[in-house]
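The values are calculated or read from the model by the stated rules, or taken from the named source; none is laboratory data. What you see is a predicted model; the values in this text were computed from it and never measured. All Cβ positions, glycine included, derive from the backbone under ideal geometry; neighbour counts span all protein chains shown.
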Amino acid sequence: MKNEEQFMETIEFIVDSVVQNTGDENKSAIGIYLASLVLADKAEHFTPEVLLGLKALVEQLDEQALIIG
């Protein structure tokens, strides 16, 4: 259970970091890279569709941060 909680906290941190507006920089690539590092250890638990969905989510969050900011 502790590993699952730590995993979710890490992903939440990455998502929160991507949506923070620090100007007009695109942080989705960084978010995708960091998420891929976290997911690499647990890749066997995720389908390719889930991994693509996470990538799309990070990109959408970054676009939304640029619009809001």
Considering residues of region 31-63 that are hydroxyl-bearing (Ser, Thr, Tyr) and in a helix (DSSP H, G or I) only, the residue surrounded by the most Cβ atoms within 10 Å (Cβ to Cβ): 36
Pick from region 16-27, criterion at pLDDT 75 or above and in contact with a helix residue (DSSP H, G or I) (Cβ under 6 Å, 6 or more places away or on another chain), ranking: surrounded by the fewest Cβ atoms within 10 Å (Cβ to Cβ): 19
